[in-house]
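Below: one structure, written as structure tokens.
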Amino acid sequence: MSSSRQQAKRRHRDAEQGWRSDDDEYDYSGNQQSAGAGSHATESESEPVSKLSTQDQDLIDRLAFEERLRARDSAATRSTGESERDRRDREAAQERDLIARLEADERRQVLERSRQISRSSYLEKRVSDKLAEAEALARAERLLFRDQDLTERELRQRELRERTFRTASEHHERVDAVETGYVLPDETTYEPEKDLKRARKKEAEQFRRYTSTEKGDTGRSAWEDEQIGKGQLRFGAGAGRAGPGSSGPAGLLMLDDLLQGEDIEFVLDQVAGGTPAAEKLTPAEIAAQEERHRARTIREQRESLPAFEYREEFLRVMEQNQVVVLVGETGSGKTTQIPQFLHEAGYTRRGRIGCTQPRRVAAMSVAKRVSEEMGTRLGQEVGYSIRFEDCTSDRTVIKYMTDGMLLREFMTEPDLKSYSVMIIDEAHERTLHTDILFGLVKDIARYRPDLKLVIMSATMDADKFSRFFDDALIFKMHGRRFPVDIYYTKSPEADYLDACVVTTLQIHLTQGRGDILVFLTGQEEIETVQENLQKRMKALGPKAPELIICPIYANLPSDMQNKIFEPTPAGSRKVVLATNIAETSITIDGIVFVIDPGFSKLNSYNPRTGMSSLLVTPCSRAMVNQRAGRAGRVGPGKCFRLYTRWSYEHELEENTVPEIQRTNLGNVVLLLKSLGIDDLVNFDFLDPPTPETLIRALEQVRASPVPSRHLHFPLAQLIVTICAMLSVNSSVFYAPKDRKSESENARLALTRPHGDHMTLLNVWNSWVETNYSVQWCFENFIQYRSMNHARDVRDQLLKLLERVEIKLVSNEEDDIAIRKAITAGFFYHAAQKNISGKDFRTSKSNQTVLIHPSSTLHKTPVEWVVYHELMLTSREFMRQVTEIDPTWLVEVAPHYYSGSDITGSETSGKGFHGEKRHKSSGSALR
DNA sequence: GAGCACTGC
């Protein structure tokens, strides 16, 4: 208990820092609730099923399932009102999905062509434009936002704003030298006319400053010129677009020289976000407000939140309604305040208030904040519950938890009777778990009229939520955000990576203070952009202000991740190259500019082939708006979208397809079954998954009890380790581009024969031998964070096995026995090498697949393998692969394989190396 | 010859 508290304490500290520090050692303590829940699941899973009846049952169930499906559809057609609407919604969604898939390829090709055409004509025009252009910095903003449609007056205003913004940013740097953190611009930025003279004088000074640089330097050296040229040719994706910079007086630090005709034209289109209150305030007023805010007591801080204005009205609405859909913009304070309002109004006298969050860090940090506001110790009146850690007590009345944790709670408390209010927060994110929760809480609310429900969401989808909850009342709250100017490119960009580099430099050299956030799709893109930016900055020489480049993605080791939180020194600028981890999971202070190419990697599951795909996909409008919002957290911001406004309006989907419609539902089916919900067809989904996905999931679940009988106990410990290692899925090894050979050697040293499962086991054992050393991980390019996670998972699994009274016998490693056990678990994931010897063919489903390059078997000649998962990225890959003897398949899954399935392979029927050991370990299997 | 977005139990 005390160790659990210590552990909790550490995590709070982590939560306070906003990001988990991995230098911590972890204690391991069980979690009663999940342990109990797990045993429940195991019971239903390990129900004995005989071979024949499985198949029959399968067929019968499937037919019954399809029958129910038809019945539901025809019932929906007959009846009116809601079910009719549901059906239409679903059909429309399916149709949209199909059309989208068919059109995507064609559209992409057309778009690509039109981009190239427009780009080349644009470049021609730019060549003639170039000749007319002279100075650079004084006209920087105009160069960046050139737009013929502007009136004289608008142009003048823009010029003034740019000039004064520069003045203001100089002021910031002075202020910043004294105190760190972001300082809001003073009012001169926004009321330039008032001090035109001063602005003119500043401008003159500014210009002098740069010309004097010229004198001191007598022009760029030939070497520097060459470097710039090289950089252009070698690294710019736009190399060859334009000749060496020739415009402007020689020797000036010229924007044109740097960009060499590559600068991108942006058009200011709209101002997004920005609550009326924030817009009306001058920066000086905002700064003053912030200052007052800091000095305030906690109570005053609470009362200054927008949510406070709605307190009485909200409580009245809650009294009169059982379900309320609460739309609260970011910055309204809903997550921290609503539970407190309800507590203060006495709802906790009848039971707890629960509040779900999609992420662990959020659950922890919000609970901490609220406990401070209430003046209690965390874990007492206010607590949180996440996997591996339950920080609540009997006295807890406000409980924050991850959505997945509440799902687990349903197993021990199906009616949620200890709760008087349940709040589902961040509903708009539509995570898999929240979507399932919707159906469950809706059902409970029907027979528990005393249970209040609050569905909290950012603006989108409120009507949809309301309709789902029988036309629940929608309650709106304004938030507190700064306005963000949205810029679109005037013409489509042919190469968005290059466009990112160019835009970053444009901002860096022309815009006022503030860090830049660039959204990219993955590690590879981030590394490419980072490399290009580094070269371009180097080519610029020491005259350019420093640009600190910080990559961030989930698989980056945490010490490197933490770099993005270091404050930017005065006089330099930070550019954060991020995946969509920066959309919701982390927030970075000081971001003023966002660059958004409009793409992300999206996982979707195809039930027909059992293959997941992880492909670069255009973002939805909801997603790009979320990204833009990241620029308006500390002050007014700017978002540069690397696509046209037309694209935004016509090519992007409104919303991202909810997760539940694009994942393998095997686990969901298991979960719902363990809650006693067998009739998945009629489960009340907000957006129902496709019937195919459901059918496939049921089949998959039906297949799983069989191998669980084969997994005999003496092996359990080793298998549990492998399972835990697999659960950290492909993020055990770290392979940075710039240290490729080192990391490959380290990996090779840890590789064991016969594939990835054995290698993972070896990695684990080696780590244990070093007593869970951080240093060892670092030296061997192993992700310490992943190993720690595997340790947590392994610990939990062992506790579960203990609960179902499986005795763990630690035996020596018999690799054949282990691999046979893996085969027993994954027999339906077998593949054989094709005659060509180049690729593999999956058994039964006959798909052509390859071994993923990250696998230890990538270049090894193997005939038969079982794989953990299929994934479509650039090709169709098997990930986490182990070499097997095909005779094992017939042995462990005779209901699935017969001898004819494995004939024609070299190894079939042979003794295989280690026949003797095989026999001696035979008792380990069945 | 080629590579793994992000959560969560």
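The values are calculated or read from the model by the stated rules, or taken from the named source; none is laboratory data. The model shown is predicted, which means the values in this text are computed figures rather than measured ones. Don't worry about glycine lacking a Cβ; one is built from the backbone with ideal geometry, like all the others, and counts go over all protein chains shown. The area values use the complete protein model at the heavy-atom level, side chains included, leaving out ligands, DNA and RNA. Shrake-Rupley method; radii C 1.70, N 1.55, O 1.52, S 1.80 Å.
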Problem - Whole-percent carbon and sulfur share, accessible surface of region A:309-477, 1.4 Å - result: 47
Handout entry: Filtered trypsin sites (Lys or Arg not before Pro), region A:413-500: DSSP coil and at most 14 other beta carbons within 10 Å
Key = A:LYS417
Problem - Whether region A:309-477 is rounded, prolate or oblate, judged on the alpha carbon gyration tensor where a/c under 1.5 counts as rounded - result: rounded
Handout entry: Whole-number D in µm²/s for region A:499-602 (Stokes-Einstein; Kirkwood sum over Cα pairs; 4 °C, 1.567 mPa s)
Key = 94
Exercise for the section: Hey, can you find the accessible area per residue of region A:309-477 for me, probe 1.4 Å, expressed in square angstrom? Expected result: 35
Problem - Segments A:633-643, A:350-360, A:308-318, A:528-538 sorted - mean Cβ within 10 Å per residue, highest first - result: A:633-643, A:350-360, A:528-538, A:308-318
Practice task
Would you mind getting the Kirkwood hydrodynamic radius of region A:387-467 from its Cα pairs, rounded to one decimal in Å?
Solution key: 13.6
Exercise for the section: Multiply the residue separation of A:MET560 and A:LYS844 by 0.36 nm, subtract the distance between their alpha-carbon atoms, and state the gained length in nm to one decimal. Expected result: 97.8 nm
Handout entry: Accessible solvent surface per residue of region A:484-661, calculated while the other protein chains remain in place, 1.4 angstrom probe, Å²
Key = 33
Practice task
Could you go through region A:850-862 in sequence order and give the Karplus-derived ³J(HN,Hα) for each residue, using 6.51 cos²θ - 1.76 cosθ + 1.60 with θ = phi - 60°, rounded to whole Hz, and x for Gly and Pro?
Solution key: 10, 7, 4, x, 7, 7, 5, 8, 3, 10, 8, x, 10
Handout entry: Sulfur and carbon atoms: percent of accessible area, region A:567-615 [1.4 Å]
Key = 49
Practice task
Starting from the amide H of A:ILE595, placed 1.01 Å from N in the peptide plane, find each other amide H under 5 Å away whose residue is 5 or more places distant or on another chain.
Solution key: A:LEU517, A:VAL518, A:PHE519, A:PHE640
Exercise for the section: With θ set to phi - 60°, apply the Karplus curve 6.51 cos²θ - 1.76 cosθ + 1.60 along region A:540-551 and write out the HN-Hα couplings as whole Hz, x wherever there is a Gly or Pro. Expected result: 5, x, x, 6, 6, x, 5, 10, 8, 9, 10, x
Exercise for the section: Quickly rank A:516-524, A:616-624 as a protection proxy: mean count of other C-beta atoms within 10 Å, highest first. Expected result: A:516-524, A:616-624
Exercise for the section: Beta carbons within 10 angstrom, averaged per residue: use that to sort the peptides A:646-659, A:849-862, A:593-606, highest first. Expected result: A:593-606, A:849-862, A:646-659
Fill in the blank from the handout: Given all pairs of distinct Cα atoms, region A:484-661 yields a Kirkwood Rh in Å of 16.9
Exercise for the section: Evaluate the charge dipole of region A:309-477 about its Cα centre and quote only its size in Debye, nearest 20, assuming +1 on the Cβ of each Lys and Arg and -1 on the Cβ of each Asp and Glu. Expected result: 280
Handout entry: 3J(HN,Hα) from dihedral phi, region A:573-586, Karplus parametrisation 6.51/-1.76/1.60, rounded to Hz, x for glycine, proline
Key = 9, 9, 10, 9, 9, 10, 8, 6, 4, 7, 6, 10, 6, 10
Practice task
Kindly flag which residue pairs out of A:LYS740/A:LYS833; A:LYS452/A:LYS799; A:LYS368/A:LYS563; A:LYS476/A:LYS563; A:LYS399/A:LYS601; A:LYS490/A:LYS740 have an alpha-carbon separation exceeding 31 Å in this structure.
Solution key: A:LYS452/A:LYS799; A:LYS476/A:LYS563; A:LYS399/A:LYS601; A:LYS490/A:LYS740
Handout entry: Where only alpha carbons of region A:557-697 are counted, the Rg and the Dmax (Å)
Key = 19.6, 63
Practice task
Describe numerically, in nm with one decimal, the distance between label points set 7 Å from Cα along Cα→Cβ at A:ASP269 and at A:THR903.
Solution key: 6.3
Exercise for the section: Indicate the gyration tensor shape class of region A:430-580 (rounded, prolate or oblate), computed on the Cα atoms with a ≥ b ≥ c the square roots of the eigenvalues: a/c under 1.5 is rounded; otherwise a/b larger than b/c is prolate and the rest oblate. Expected result: prolate
